[in-house]
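Below is one structure; the comments refer to it alone.
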Amino acid sequence: MIDRDYLRQIAGAEGFLLTPEQLEQFDRYAEFLVEYNEKVNLTAITDPKEICIKHFLDSLLLLKAAGLSQGASLIDVGTGAGFPAVPVKIVRGDIQVTLLDGLNKRITFLTQLSQRLGQQNVALHARAEEAARGPAREQYDCATARAVADLRVLCEYCLPFVRVGGVFAALKGPDCKEEVRSAKKAVQLLGGEVEGVRHFTLPEGNARAVVLIRKIAPTPAKYPRHGGKIAKQPL
């Protein structure tokens with residue numbers, strides 16, 4: 001399916017030395033993604049080369065930006081087809097991954113994908129704002145999201161999952177400076193602090209940024225609010 005040598009090359013350029021076994025897993029992932037995508041809309045990106053760049057390598061940038069410790073717990077909020085958490089798990093098998101999505105069809109895909117890759121992931125079917133009020137609240141070393149939603153919105157969905165001392169890593173496009181600035185109030189209200197933004201350039205000129213928000217205090221009990229209010233009245 002994918003050109004394994006190409007993936008090995010571009011991952012190596014970012015410091016990821018992929019083993020033959022890991023390349024086999026990425027190949028299996030891509031093949032199952034494209035196959036399943038014919039019956040459930042998971043991604044608009046189905047070209048093998050673009051999958052390598054825009055899904056796999058893009059996801060691995062989380063590891064370069066966040067520096068997750070051995071055995072860290074990671075929740076991927078609104079994970080969709082498993083990005084970035086499943087590629088991260090391929091490279092760092094020690095990380096404990098929870099895949100959260102509100103669409104049951106995606107959870108079915110993620111459960112089958114995890115089995116095919118031999119990963120012991122938790123695939124959780126729930127709305128983020130509801131799950132964050134349950135046992136998962138402030139239980140994770142890292143929450144991540146790779147979504148087009150405004151950072152203020154993402155913070156309210158994701159920061160409640162992060163333990164104090166942990167980090168929320170938002171995978172964004174390169175032009176996120178204004179978004180980060182406008183999210184400072186939301187970050188503060190939710191118990192976070194903007195730690196920095198890491199910028200990356202992928203092959204073929206694809207630019208990316210990872211916004212790092214450190215959790216420095218517990219999130220007040222009134223957050224997250226109802227999903228409709230989060231979208232209509234961002235903090």
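The values are calculated or read from the model by the stated rules, or taken from the named source; none is laboratory data. Given the structure is predicted, the values throughout are model-derived calculations rather than measurements. Cβ: placed from backbone, ideal geometry, glycine included. Neighbour counts: every protein chain shown.
If the condition is being assigned to a helix (DSSP H, G or I), more than 26 Å from GLY67 (Cβ to Cβ) and touching a residue at least 24 places away in the same chain (Cβ under 8 Å), then the range 79-107 contributes LYS105, ARG106. If you go through the range 180-209 and keep only what is modelled with pLDDT of 95 or more and either in contact with a Ser or Thr (Cβ under 6 Å, 6 or more places away or on another chain) or of a type in the set (Asp, Glu) (or both), you end up with LEU190, GLY191, GLU193, GLU195. Of the residues GLU138, GLU195, the single one that is in contact with a strand residue (DSSP E or B) (Cβ under 7 Å, 6 or more places away or on another chain), outside any helix (DSSP H, G or I), on the phi > 0 side of the Ramachandran plot and surrounded by 15 or more Cβ atoms within 10 Å (Cβ to Cβ) is GLU138. Residues in the range 201-230 that are among the basic types (Lys, Arg) and within 21 Å of the chain's Cα centre (by Cα): 3 in all.
Suppose we filter ILE53, ILE10, ILE2 for residues that are within 18 Å of the chain's Cα centre (by Cα) and either under 13 Å from PRO203 (Cβ atoms) or in a loop (DSSP other than H, G, I, E, B) (or both); which single one remains? Spell out how you get there, then give the answer.
Working: ILE10 fails: within 18 Å of the chain's Cα centre (by Cα); ILE2 fails: within 18 Å of the chain's Cα centre (by Cα).
Criteria check complete, one pass: ILE53.
Taken over the range 13-29, the criterion of being closer than 19 Å to LEU202 by Cα and either in a helix (DSSP H, G or I) or among the charged types (D, E, K, R) (or both) is satisfied by ALA13, GLU14, LEU23, PHE26.
Restricting the range 56-78 to residues that are in a helix (DSSP H, G or I) and in contact with a helix residue (DSSP H, G or I) (Cβ under 7 Å, 6 or more places away or on another chain) leaves a set whose member that is surrounded by the fewest Cβ atoms within 10 Å (Cβ to Cβ) is LEU63.
Figure legend. Inter-residue proximity from the range 37-53: first residues farther than 22 Å from LEU18 by Cβ, second residues of a type in the set (S, T, N, Q) and part of a loop (DSSP other than H, G, I, E, B), beta-carbon distance below 7 Å, spacing 6+ or different chains. Indicated pairs: ASN37/THR43; ASN37/THR46.
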